[in-house]
Amino acid sequence: MTSPDDYAALHESAATGTIAPRRQVAVAGPDRAAFLQGLLTNDMASLTAGTGCYAAWLTPQGRMLCDVHVFESGDMMLLDVPAAGAQQTAQRLEEFHFTENVEIATLASLRAVWMHGPRAPAILDKLAPRQGTHHKPGESGEAGGSYGAWMQYQNARVELAGVPVVIGRVDQLAVPGFVIYADAQQEDEVTTSLASAGVLHATPATLEAARIEASYPVYGVDMTPDTIPLEAGIEDRALSLTKGCYVGQEVIIRVLHRGHGRVARRLVRLQVEGDAPQKDAKVFSGDREVGFITSSAKSPRLGAIALGYVHRDFVEPGTAVEIDLGEGRGLAHVTSPLTF
């Protein structure tokens, strides 16, 4: 069940919790950017130390093998990938590795602690001050600048309450979000320090409700090996339209240029009257089956909500559809992502 206290913390203060299991793969060596440039959908060559991006790895048919949070540290790229396929992702990288000067390794001893909420930057300013770093445009005058001024995927090696960590910014729940990478043996020290600063640990149900409110898709749930990034609506943050070739690019460009971005289906958020639907529940318009549900939750703020794919004719906000709820159908409407 969702927790009112955790939900309030996510949107008014700060809370920890992971929306989906992830693991990390390191790609080091002087050719790492050029190597990944030909594989991932975003522009790896433009990344500099302390920056990063979101990306996908596609099949030649343009379908997703996985999604990736990429953090360039200056001496390596950390790839944060779905946990279920992390070892396979590392093996696949090795298969594509020929003459490039790169080293690939899974980071089995690394753990990620995710923190979300409007007070998250201030808490990090206190626990992990960035002393002695150079100011970036827009940062405060404090030594190292405030985490609140960080761009998406900005990252740095710092100490959090004396523990060496890497912190990166990734907003997932329509509020400021940060991932804190620490050695597994020091994970408890990190979580204890955050808890001492008043950070709650959110229940999975609460995180799921906030995620669906924000229309943030998860690979393995809302995106699968059958998904084209354009269907999931991640193109604005996952795809570069100016970089060189990458695996699956031909399909993406064909849809964007020849098809004017029109795909057969789109992932949308649905406001449901009644109970939250089950995963894979069918979506109808009259007698016509037009889609299916990928995830759902009971939101303390909105009630029953869901993410699902619907035919492109039914994606406009306000569009009414019906969802199979087991003992009949329930009315639902396509809605825009919730912002705070």
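Per-residue answers, yes or no, for (1) in a strand (DSSP E or B); (2) modelled with pLDDT under 95; (3) on the phi > 0 side of the Ramachandran plot:
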{"position": "44", "(1), (2), (3)": "no, no, no"}
{"position": "60", "(1), (2), (3)": "no, no, no"}
{"position": "80", "(1), (2), (3)": "yes, no, no"}
{"position": "100", "(1), (2), (3)": "no, yes, no"}
{"position": "105", "(1), (2), (3)": "yes, no, no"}
{"position": "112", "(1), (2), (3)": "yes, no, no"}
{"position": "125", "(1), (2), (3)": "no, no, no"}
{"position": "130", "(1), (2), (3)": "no, yes, no"}
| message | Consider segment 51-84. How many of its residues are under 16 Å from residue 247 (Cβ atoms) and free of Cβ contacts under 8 Å to residues at least 40 places away in the same chain? | response | 1
| Identify, please: which residue in segment 264-287 is in a loop (DSSP other than H, G, I, E, B) and under 22 Å from the mean Cα position of the chain (by Cα) and is, among those, surrounded by the most Cβ atoms within 10 Å (Cβ to Cβ)? | 279
| said: Going residue by residue through segment 2-20, is there one that turns out to be assigned to a loop (DSSP other than H, G, I, E, B), modelled with pLDDT under 95 and closer than 16 Å to residue 203 by Cα? | reply: yes
| request: State which residue is surrounded by the fewest Cβ atoms within 10 Å (Cβ to Cβ) when the search covers only segment 63-122 and only residues that are out of contact with any strand residue (DSSP E or B) (no Cβ under 6 Å at 6 or more places or on another chain) and of a type in the set (Asp, Glu). | output: 95
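Residue-wise test of (1) on the phi > 0 side of the Ramachandran plot; (2) out of contact with any strand residue (DSSP E or B) (no Cβ under 8 Å at 6 or more places or on another chain).
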{"site": "235", "(1), (2)": "no, yes"}
{"site": "262", "(1), (2)": "no, yes"}
{"site": "268", "(1), (2)": "no, no"}
{"site": "282", "(1), (2)": "no, no"}
{"site": "295", "(1), (2)": "no, no"}
{"site": "303", "(1), (2)": "yes, no"}
{"site": "312", "(1), (2)": "no, no"}
| note | Going through segment 312-340 in order, the residues found to be part of a strand (DSSP E or B) and either over 15 Å from residue 294 (Cβ atoms) or basic (Lys, Arg) (or both) are 320, 322, 329, 330, 331, 333, 335
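The values are calculated or read from the model by the stated rules, or taken from the named source; none is laboratory data. The shown structure was predicted, so the numbers you read here are calculated from the model rather than taken from an experiment. When we count neighbours, we look across all protein chains shown, and the Cβ atoms used for this are built from the backbone with ideal geometry, even at glycine.
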